[in-house]
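Reading through the structure tokens given below for one structure.
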Amino acid sequence: MLQRKPRRSAQSPAPQTQPAADSEHGAAQLQPPPLQLKVQAPIQMEDGVVNMEPLTIHGGRPGNLDRLSGFNRDTSGMSVSPDEERVRQSSVEATTPLPFSGGGWDGEAIARQLGQYDRIPGTDSDAMRCVQTVALVSHILNGIPATNSYLSSIKLQGLLAGEMTDRKRTSLNVIDYTKSQIESQHATFGDLYWVIEAIHAMFYRDDRGTPLGEIHDQVTPIIDFSSNMTRMNVWCGSSTEIMTQAAGLANGEQFLLNTWRVSFNTIFDSLEGYEDANRVTYNREDEDTGRVTRHTVRRYRFREGVKPPHGDIDRNRDTMSGHQMLIYKDASSGEIKMYEPELSEGGRHLYNLSQDSSVLDGLFTDQPDFEIFEYVQILGKMTPMSFGMAQP
């Protein structure tokens, strides 16, 4: 029988904690550093400039792009670099032109090749940009007007959030430049990679993902009139449930998906000598806000052969690692398709689920012996407005 030791994610390491000497009744009094969850507090922007090898820019892209990288990265621990070959397969050369045609472009051709990772030396938040990549592709699929509407609205949202810094100013310039390149039909995949980096840099540190409570407004900013977001909270426990939900979409509508990998009871495993405790009380300090909160949690007890329902997940006890994707119904054919921005074997980002939905099975690779279970949550439905619909 396997010894239980929950798997640790590079994006969500277990908290390192020390029990205090005055613990009693089996409840340890702890003062841990903050849990590394995807639901972190908003980041206060500051200036952050590093010295990097200059990147040669063709076509007038804004200077000072080094301000978009190296910002408040945590270099104290081990970092995991993606496999270079998988990055190469899952990206295209920055100079590759976008597939413009007539007055529009082929949005699905872009989605097939555009992921959150790129080959550009100057970008460094690739692993944290899934929300921003999904947001951009959601609008790219609906055409040039929808894409530029999104860029304008996310720019305004950034202007209204926090103080103006050199980092934010550079981000705004990159957004303006990308819009002009798209409008003149001279934009490249490199322009899209840089604008994804810029949007992420405008709101967050380079080593941070998007907090759960801010995902909706990143995907459809408040004043984005190209798409309407209906917030949802639907959990799916199988590929069949996902396809059943997707069948109810109208042509052109999209689902914003959040996949969750949940390691249960990790707070206990982080405490030496308390791996088998049934209850623990601890204080947690948020590393961004400094706010301290007190929590008492009990060990989750599993029933053999039964997957824990999503309502049993406790963010104060369990570790959650999230990722965002799209499922949509093709505006013309009505086929159900999925966009995945992450690295993949063969570099594939777009899947036709109406033809083969087996890729969804990979979203539910539970490991009960290690107390790890996977879930899919539908966070919202995006309905394109008429002027933003994809061109035929």
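What follows is calculated from the coordinates using simple rules that are stated; it is not laboratory data. Because the structure is a prediction, the values reported are computed rather than measured. Cβ coordinates were reconstructed from backbone atoms using ideal geometry, including for glycine residues, and neighbour counts include every protein chain displayed.
Report the net charge of residues surrounding Q116, where surrounding means a beta-carbon distance below 9 angstrom and charges are Lys +1, Arg +1, Asp -1, Glu -1. Mind showing how you got there, number by number?
Numbers: positive: R129; negative: D118, D126, E342.
Residues close to Q116 contribute a combined charge of -2.
If you average the C-alpha positions of the range 267-311 and of the range 324-392 separately, how far apart do those two centres end up, in angstrom?
Value for the Cα centre distance between the two parts: 31 Å.
I'd like the GluC sites (Glu not before Pro) in the range 77-172 restricted to DSSP loop residues with at most 10 other Cβ atoms within 10 Å, sorted by number. Walk me through the intermediate numbers first.
Working: sites: E84, E85, E93, E108, E163; in loops: E93, E163.
Listed in order of number, the matching sites are E163.
Each residue of the range 130-143 in order: what ³J(HN,Hα) in whole Hz does its phi give by Karplus 6.51 cos²θ - 1.76 cosθ + 1.60, θ = phi - 60°, with x for Gly and Pro?
Listing the rounded values in order: 5, 5, 5, 5, 4, 4, 5, 5, 3, 7, 4, 4, 9, x Hz.
Assign one of three labels to the range 81-192, namely rounded, prolate or oblate, based on the Cα gyration tensor with a ≥ b ≥ c the square roots of its eigenvalues; rounded applies when a/c is under 1.5, prolate when it is not and a/b is larger than b/c, and oblate otherwise.
Numbers: a/c = 1.75, a/b = 1.08, b/c = 1.62.
Oblate.
5 Å is the cut-off here: which amide hydrogens, built 1.01 Å from N in the peptide plane, fall below it relative to W235, excluding neighbours closer than 5 in sequence?
For W235, the qualifying residues are I378.
Between S386 and D366, with labels modelled 7 Å along Cα→Cβ, what's the label distance in nm to one decimal, could you check?
Simple spin-label model gives 4.7 nm for this pair.
What is the extension gain from T244 to I223, computed as 0.36 nm multiplied by their sequence separation minus the C-alpha to C-alpha distance, in nm to one decimal? Please report the intermediate quantities before stating the final value.
On the way: separation 21, 0.36 × 21 = 7.56 nm, distance 3.11 nm.
Answer, rounded to one decimal: 4.4 nm.
What ³J(HN,Hα) values, in whole Hz, does the Karplus curve 6.51 cos²θ - 1.76 cosθ + 1.60 give for the range 211-226 when θ = phi - 60°, with x put for Gly and Pro?
x, 3, x, 10, 5, 4, 6, 6, 7, 10, x, 4, 9, 7, 8, 8
Starting from the Cα of Q185, move 7 Å in the Cα-to-Cβ direction to define the label point; list residues of the range 133-160 whose amide nitrogen is under 17 Å from there.
143-148
Within 10 Å of each residue's Cβ, count the other Cβ atoms and sort W194, W105, W235 from fewest upward.
Details: W194 27, W105 21, W235 15.
Ordered by Cβ neighbours within 10 Å, fewest first: W235, W105, W194.
Lys and Arg at +1, Asp and Glu at -1: add these up for the other residues within a Cβ distance under 15 Å of S152 and post the number. Please list the in-between numbers first.
Working: positive: K155, K179; negative: D176, E183, D217, D224.
Combined, the nearby Lys, Arg, Asp and Glu give -2.
For a quick check: sort S101, S90, S386, S357 by the number of other beta carbons within 10 angstrom, fewest at the front. Write down the numbers at each step before the final one.
Details: S101 11, S90 26, S386 6, S357 17.
Lowest to highest Cβ neighbour count: S386, S101, S357, S90.
Please give, to one decimal in nm, the separation of the simple spin-label points placed at E84 and D166, each 7 Å out from Cα toward the Cβ.
3.1 nm
Fewest to most neighbouring Cβ within 10 Å: what's the order for M243, M229?
Details: M243 16, M229 20.
Ranking M243, M229 by Cβ neighbours within 10 Å, fewest first, gives M243, M229.
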